[in-house]
Structures are given as C-alpha cells and as structure tokens.
Amino acid sequence: MNIENILITGHIYKEMESILTSKNLSKQFRFLKEDVVSHDDFLWADAYVSLSPTANFEFGNVKWVHSTGAGVDKYLFERKWDERVVLTRTIGSFGQRIGEYCLSYILKDVQMHDEFAQLKRKKQWRQAEPRLLNTLHVVIYGTGEIGQEIARILSSFGIRVSGVSRNGKVAKHFEDVLKSEDAPDLLMDADWIISTLPLTKQTSKLFNGDFFNQLNGSGFMNIGRGGTVDEMALREALLMNRVRKAILDVVGVEPLPETSWLWEHPDIFITPHISAITSPEEGVECFLQTLSKIEQDEPLDNQVQINNGY
C-alpha cells in the first residue's frame, strides 16, 4: 500500500508534529485541530491518525486509519466501517503501565492503607494484619496483550491469576483460562476482578446485575472501557456488599460530569483514564513502525479485526 498524504489530528497532534517534522520524512502531512478538519482533508488524505474520529469523520480517499490509543471502540462501536480501510492501533508500554496501576491498588488494599489512615485521623493505635499477595486470587477479563502483561506482573508476586475470554484458550501467565459462560466457577472466591475488555456489542453492559450477583465481596477494577459496566448495577452491588470497592479508570461518560454519583461514593475510586496514556514519543514510534510495515506489505501485529471490534 502506498501512503503519501497523512492527516494527523487529536489531542497530541501538536506534539506529534514537532517530532515528525524533525525527521524530514518524504511524506505530505497535515497536522490539524479536530474542529478544523474538513471534507477536503479526507479527500486529500491516504491515512488518518488520531485517538478517535472527528465529529465530521468520513472515509473519503483514506486507505489506512491509525488509532493513537489501544482502544478502537470510538471508531467501531455502533459505527459502520468501510472494510477496504485498514485499521490499526497503538501498541506501546500499555501493558506495563496498566499492570503497575492494578498492582498499586491491590497493594494499597492488602496493606490496608485506607484503614490505617482512618485510625491515624482518630489517633488510635490498633494493629491489624495485612494479607500476603500470594494468598490472593485475581480474575482478569480479557487475555490479550494487556491482560497477559497484567497477569505476568501480578503472578510474579505469587498471586493466582485466572483469565476469562471468549474462547477460553490458554494464554501466557494465567494459571487457568475459562470461557465467559464458565466464569462463575472462578468468581465466588475472587479477591479482585479486573476488566481489560474493549467495548463491543458483546461486551456492552456485560458487568451487569446478573454478573455482580455472582461475586462475594471482591474488589472490581475497570481499565478497559466504561461502557462495559452497568453503573447502577455496580451501585447496587456495592450496597449489597457483593463488591467491596471499585477502582474505575474508565466510566460511561468521559469526562465524568460533576453531578455524577460516582464522585461521592466512598467505596469508588476514580482516575481520569490515565492507566495507559499514550506519550507522543510512543505514538510516533508505533505510527512509523506501522507505516513502514504497511508500505512493505509486512504482517501487522496491531491490525484490528473489524468483526471482533478489537
């Protein structure tokens, strides 16, 4: 595939412009703010690079779309895709970043940081025994690259890590992997449930009342997509102690409105979609590697399977 004209927009387009301009590539670039991208830009471009489609996105003459993030639901969820157009996503240090994010909250939990902070405020000297990591069982929904890296990091501390996937195939660093329909066998004794799932028709509101009713006081962590969680069902699960605390790096509406009840709930911890931020340097590196492979007709390890949605 020959790529000559490349349209780059989105939240890091200025930073990418600075890096790419210094490389003196033999390509034509347009670095534009999202709200000024026009119909003519899509007719001009062979490639479109951004975290998400613009409000007026069209395929035009675009042959390749590259997401500067790992998730592509903004391109595919409830959208019609032109199957002639190649869609790729960014692969970088996401797994490492997300794995460390998850580990930090698990350590905070077992070492009872919140409990000891409360005792300090009350000026009470009361001992309690933290749990060892090797006594924990963590269930990860999604056994792809990110799920495997989380499993690698957690299992290196002796944590038993199980996986749940559509096909139940064996995956690296998981002690066992089950199909979604067989997952109830894992959930009752899970200390933590971690979701890395993309948002697709199959995963939309997957974590609903029926799911949470299978839990027995586990922690719930979502670093996949907010739309996979029925937030009112999560609220009920917290009330009924099916879930004891929730760590949400992603939510259904982002940015989270000030009026959302999620801000106020004492057992919900919110981070603003930062568990795996794409740095401009990583974004450019993955873009250039993918561009080279596309032009040399080499296999793409970051190509999105449109029918799967990831």
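Points to keep in mind about this one:
- Between Lys205, Lys14, Lys108, the GNM of the chain built on Cα springs shorter than 10 angstrom shows Lys108 fluctuating the most.
- For region 128-185, pairs of C-alpha atoms spaced more than 14 angstrom apart make up 49 percent of the total.
- Positive-end residue, region 162-310 charge dipole about Cα centroid, Cβ charges, pick of Leu187, Gly163, Ile294: Leu187
- Note on region 1-112: Kirkwood hydrodynamic radius from all Cα pairs is 15.7 Å, rounded to one decimal.
- Taking the Cα centre of the chain as reference, the dipole from Cβ charges on Lys and Arg (+1) and Asp and Glu (-1) amounts to some 780 debye.
- Residue ranking by accessible heavy-atom surface, 1.4 Å probe, largest first, among Trp81, Trp192, Trp44 comes out as Trp44, Trp81, Trp192.
- Share of pairwise Cα separations in the chain, more than 34 Å, in percent: 29
- Taking 0.36 nm per residue of separation and subtracting the current Cα-Cα distance, fully stretching the chain between Gln289 and Ser38 would add 87.6 nm.
- Rounded to the nearest 10 Å², the accessible area of His113 at probe 1.4 Å: 100
- Asp114/Asp189 FRET efficiency (R0 25 Å; Cβ-Cβ; nearest 0.05): 0.65
- The eigenvalues of the Cα gyration tensor, multiplied by 5 and square-rooted, give region 1-61 an equivalent ellipsoid with semi-axes of 18, 15, 8 Å from largest to smallest.
- Ratio of the Cα radius of gyration of region 201-310 to 2.2 N^0.38 Å, where N counts its residues: 1.37
- With all protein chains modelled, accessible area of Lys245 [1.4 Å, Å²]: 30
- Using R0 = 41 Å, the C-beta based FRET efficiency linking Asp301 and Asp267 works out to 0.60.
- Heavy atoms of Asp182: accessible area, 1.4 Å probe, square angstrom to 10: 70
The values are calculated or read from the model by the stated rules, or taken from the named source; none is laboratory data. From a predicted model like this one, the values you see are computed outputs, not experimental measurements. Cβ sites come from the backbone with ideal geometry, for glycine too, and all protein chains shown count toward neighbours. Surface accessibility is based on the protein's heavy atoms, side chains included, excluding ligands, DNA and RNA. Shrake-Rupley method; radii C 1.70, N 1.55, O 1.52, S 1.80 Å.
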